[in-house]
Amino acid sequence: MATVTVKKIHEALRIGPFERTFEAELAARYEIPRLPNGAQRAEFLTRHAADIRVILTSGGPGADADTIAALPNLQAIVNNGAGVDNIDLDAAQRRGIGVSNTPDVLTDTVADTAIGLILMTLRRFGAADRYVRAGRWAGEGPFPYARDVTGLRVGILGLGRIGSAIAARLLGFNCAIAYHNRHRVDGSAYRYAASPVELAASVDVLVVATTGDSQARNLVDRAVLEALGTDGYLVNIARGSVVDQDALVELLVGGGLGGAGLDVFADEPHVPEELFGLDNVVLLPHVGSATARTRRAMALLAIRNLDSYLRTGELVTPVLAIRR
């Protein structure tokens, strides 16, 4: 049986907790130190900061401006995930540091999750399941009517890879699709709305599929949620930071929204307890890409980026290219 050689890489550094598939795939190939926390962090950086040329991260604290500044020879940041909101892109760009992510390989799985949330929320399948398990069907009679998905007006906030995949799936439900982006998508057959408020006011369901960068923070604010209205539904598979969570909770509790399907939250894994008792809200623990196939594909793509950087000094799927 062939022996696999694990390479010890001194110029790389792991930051934060790793998704378990990424941890396993990486450990089978490389031995890479992890940035310690607390008092040991300063000591580690004093001894090793000048050696580090590439960071690996997988969610969690990522690479903030202070961490980037502490590594004078940093050239690349490899992220295991499509979103790079845990990385200070402005700080990286100022230094010419490359940043990679794992696009495309999770598009279908996350789009499937969005469709599942739409169905569960509007048809109230989760609440219906709890109704049966609690023995209420026999004692209280039929479960209350829910709402059809077929034929609805759906707004996609962020018509990128994932947003486009969600829209394509909804066409099978004969939904009328509209979208808002920072810029109109050339050649799109979907109706364009000039602002998030305009989009929300014109649809039954608003699906948040934007990036989670600083420019998108609280993009779905109280005005957008109020425009969606008492018969409208919010579905978020992007990032919790994109939605004003306090306003969302207040409107859901007070009946200002028809319901919500949420896979992401502002302070994960902490979820507002006010939502726990609402049957018109579906809560998922950030599992949009959580299938074995997809998580392995993400891990392997992240490792391809690391391999490529170590061999050639370039990244395979750059969000920011390395500037020399």
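The values are calculated or read from the model by the stated rules, or taken from the named source; none is laboratory data. Please read these numbers as outputs of a predicted model, since none were measured by experiment. Here the Cβ is made from the backbone with ideal geometry for all residues, glycine too, and neighbour counts use every protein chain on show. Each accessible area value is taken on the protein alone, full model and side chains, heavy atoms only, with ligands, DNA and RNA left out. Shrake-Rupley method; radii C 1.70, N 1.55, O 1.52, S 1.80 Å.
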Can you tell me which condition Val78 does not meet? The list is (1) assigned by the TED database to the domain that holds Glu268; (2) open to solvent by less than 40 Å² (accessible area, probe 1.4 Å); (3) not in a helix (DSSP H, G or I), and all the others hold.
(1)
Scanning region 108-142 for residues that are among the hydroxyl-bearing types (Ser, Thr, Tyr) and touching a residue at least 60 places away in the same chain (Cβ under 8 Å), the one farthest from Ser289 (Cα to Cα) turns out to be Thr121
When you scan region 26-40, how many residues do you find that are open to solvent by 70 Å² or more (accessible area, probe 1.4 Å) and not in a strand (DSSP E or B)?
4
Looking only at region 43-57, which residues are open to solvent by 60 Å² or more (accessible area, probe 1.4 Å) and under 31 Å from the mean Cα position of the chain (by Cα)?
Arg53
Residues within region 196-210 that are under 13 Å from Asn236 (Cα atoms) and either open to solvent by 10 Å² or more (accessible area, probe 1.4 Å) or of a type in the set (Ser, Thr, Tyr) (or both), tallied
2
So Pro72 passes all but one of these: (1) at pLDDT 95 or above; (2) open to solvent by less than 50 Å² (accessible area, probe 1.4 Å); (3) in a loop (DSSP other than H, G, I, E, B). Which condition number does it fail?
(2)
Looking at (1) touching a Lys or Arg at 6+ places or on another chain (Cβ under 7 Å); (2) part of a strand (DSSP E or B), which is the one condition that is false for Thr21?
(2)
Close pairs from region 303-324: first of a type in the set (S, T, N, Q), partner assigned to a helix (DSSP H, G or I), Cβ under 7 Å, at least 6 apart:
Thr317/Leu301; Thr317/Asn305
If we keep just the residues of region 121-170 that are in contact with a strand residue (DSSP E or B) (Cβ under 9 Å, 6 or more places away or on another chain) and basic (Lys, Arg), which is farthest from Asp231 (Cα to Cα)?
Arg124
Ala189 meets each of (1) in a helix (DSSP H, G or I); (2) surrounded by fewer than 16 Cβ atoms within 10 Å (Cβ to Cβ) with one exception, condition (1)
Taking Phe18 as the residue in question, decide whether it is open to solvent by less than 60 Å² (accessible area, probe 1.4 Å) and within 21 Å of Pro103 (Cα to Cα).
yes
What single numbered condition from (1) in a loop (DSSP other than H, G, I, E, B); (2) in contact with a Ser or Thr (Cβ under 7 Å, 6 or more places away or on another chain) fails to hold for Arg147?
(2)
Might you let me know whether region 117-133 holds any residue that is among the hydrophobic types (A, V, I, L, M, F, W, C), open to solvent by 10 Å² or more (accessible area, probe 1.4 Å) and in a loop (DSSP other than H, G, I, E, B)?
no
